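Student: One structure is given below, represented as structure tokens, and several questions about it will come after.
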Amino acid sequence: MAIQLKLSAVRQTQWYEYLVRFVFGGLLTAATGLITHRYGPVIGGLFLAFPSIFPASVTLVQTHQKKQEQKQGKTEQDSQEKGEQAAGHTAEGAALGSFGLFAFALVIWRLSPNLPPWLVLVLAQLLWLSGAVLAWWIRQKVA
Amino acid sequence: MEYVLRFLIGGVVVSIFAVIGDVIRPRTFSGIFGAAPTIALATLAIAFFKDPVSKIATEGRSMLAGAAALLAYSLVARYLLLKRSWSSLPAAILCYLAWFAVAFGLWFLLLR
């Protein structure tokens, strides 16, 4: 399945939907800092992989897909089902992305004592993306 | 002030990855951005300036358990959405239970 850009999706999203994700993400990041300060890095580190994007995004995916289906004349039930399927596929993608997150965490754990911070973050980010894309590619082959 | 900075950086990073996820298709591929290391990037970018590397490495090690928890979260969400036809918001909220169970279960078994 080819990967495509659908830039019109940006216009589909309302300004308050962007605001919700900004505020939610900001609050979670601040909360992670507080948790680390209060309970230490062992507990705080768990929350570096807390689901921050997924809840708001999957809700938007379902809503937008349902609206799209209804515009095409589908029934309420069919539209609802398509929305849930779109959300479910997004969840599958997040599961695959988690494999990349393992790679990210491994780099932070093992390389941060030895390399400059900027290089650690760049390597970690590249490995996250590579790991996530590889997991997705493998899933496409076996599905 | 530090927490205001964390809030702003975290909000921007989450928003950027969320928008990237919005414009990419198919959905399974865009979904990988739902597992982007947004909180980690925002937090570690600040931590590298103020915390010792040993503390950062410890956070990285714990993040492995958090990643396992995120995998569990996503798989439960997929099941509820595709197999049980749950609506997305209740599913996403309920799945936090899976995240906490796996994250703190692994903490208890391996990281304490």
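Student: Scan segment B:64-84 for residues that are among the charged types (D, E, K, R) and either within 7 Å of another protein chain (Cβ to nearest Cβ) or part of a helix (DSSP H, G or I) (or both) and jot them down.
Tutor: Within segment B:64-84, B:ARG78, B:LYS83 qualify.
Student: Can you give me the number of residues within segment B:66-83 that are aliphatic (A, V, I, L, M), surrounded by 24 or more Cβ atoms within 10 Å (Cβ to Cβ) and under 15 Å from the mean Cα position of the chain (by Cα)?
Tutor: 4
Student: Shifting gears a bit: Quick check, is A:ALA56 under 16 Å from the mean Cα position of the chain (by Cα), modelled with pLDDT under 95, more than 30 Å from B:GLY60 (Cβ to Cβ) and of a type in the set (Gly, Ala, Ser)? Let's see the steps before the verdict.
Tutor: Details: under 16 Å from the mean Cα position of the chain (by Cα): yes; modelled with pLDDT under 95: yes; more than 30 Å from B:GLY60 (Cβ to Cβ): no; of a type in the set (Gly, Ala, Ser): yes.
Considered against the rule, which asks whether it is under 16 Å from the mean Cα position of the chain (by Cα), modelled with pLDDT under 95, more than 30 Å from B:GLY60 (Cβ to Cβ) and of a type in the set (Gly, Ala, Ser), A:ALA56 comes out as no.
Student: In segment A:78-122, which residue that is over 23 Å from A:PRO41 (Cβ atoms) and among the polar types (S, T, N, Q) is farthest from the other protein chains (Cβ to nearest Cβ)?
Tutor: A:SER79
Student: Any idea which of (1) within 7 Å of chain A (Cβ to nearest Cβ); (2) farther than 22 Å from A:LEU106 by Cβ is the one B:ARG61 doesn't satisfy?
Tutor: (2)
Student: Can you tell me which residues in segment B:20-43 are more than 14 Å from the chain's Cα centre (by Cα) and either among the acidic types (Asp, Glu) or at the interface with another protein chain (Cβ under 7 Å from one of its Cβ atoms) (or both)?
Tutor: Taking segment B:20-43 as the starting set, the residues that turn out to be more than 14 Å from the chain's Cα centre (by Cα) are B:20-30.
Listed by number, the residues that qualify are B:GLY21, B:ASP22, B:VAL23, B:ILE24, B:ARG25, B:PRO26, B:ARG27, B:THR28, B:PHE29, B:SER30.
Student: Within segment B:5-18, count every residue that is closer than 16 Å to A:HIS64 by Cα and either more than 7 Å from every other protein chain (Cβ to nearest Cβ) or touching a residue at least 24 places away in the same chain (Cβ under 8 Å) (or both).
Tutor: The number of residues fulfilling the criteria is 0.
Student: Which one of these does B:ALA69 not meet: (1) more than 22 Å from A:ILE43 (Cβ to Cβ); (2) at pLDDT 90 or above?
Tutor: Single failed check for B:ALA69: (1).
Student: May I pose another question? If you go through segment A:74-83 one residue at a time, do you hit one that is in a helix (DSSP H, G or I), free of Cβ contacts under 8 Å to residues at least 40 places away in the same chain, buried (at least 23 other Cβ atoms within 10 Å of the Cβ) and of a type outside the set (S, T, N, Q)? Spell out the reasoning first.
Tutor: Pass one, segment A:74-83, residues in a helix (DSSP H, G or I): A:76-83.
Checking the rest, the ones that are also free of Cβ contacts under 8 Å to residues at least 40 places away in the same chain come to A:76-83.
In the following step, the residues that additionally are buried (at least 23 other Cβ atoms within 10 Å of the Cβ) were identified as A:83.
Okay, now just the ones that are also of a type outside the set (S, T, N, Q), so A:83.
Among the residues of segment A:74-83, at least one is in a helix (DSSP H, G or I), free of Cβ contacts under 8 Å to residues at least 40 places away in the same chain, buried (at least 23 other Cβ atoms within 10 Å of the Cβ) and of a type outside the set (S, T, N, Q), which makes the answer yes.
Student: Restricting attention to segment B:48-63, report how many residues are surrounded by fewer than 24 Cβ atoms within 10 Å (Cβ to Cβ) and part of a helix (DSSP H, G or I).
Tutor: 10
The values are calculated or read from the model by the stated rules, or taken from the named source; none is laboratory data. None of these values were measured; they are calculated from a predicted model. As a convention, Cβ positions derive from the backbone with ideal geometry for all residues, glycine included, and neighbour counts pool all protein chains shown.
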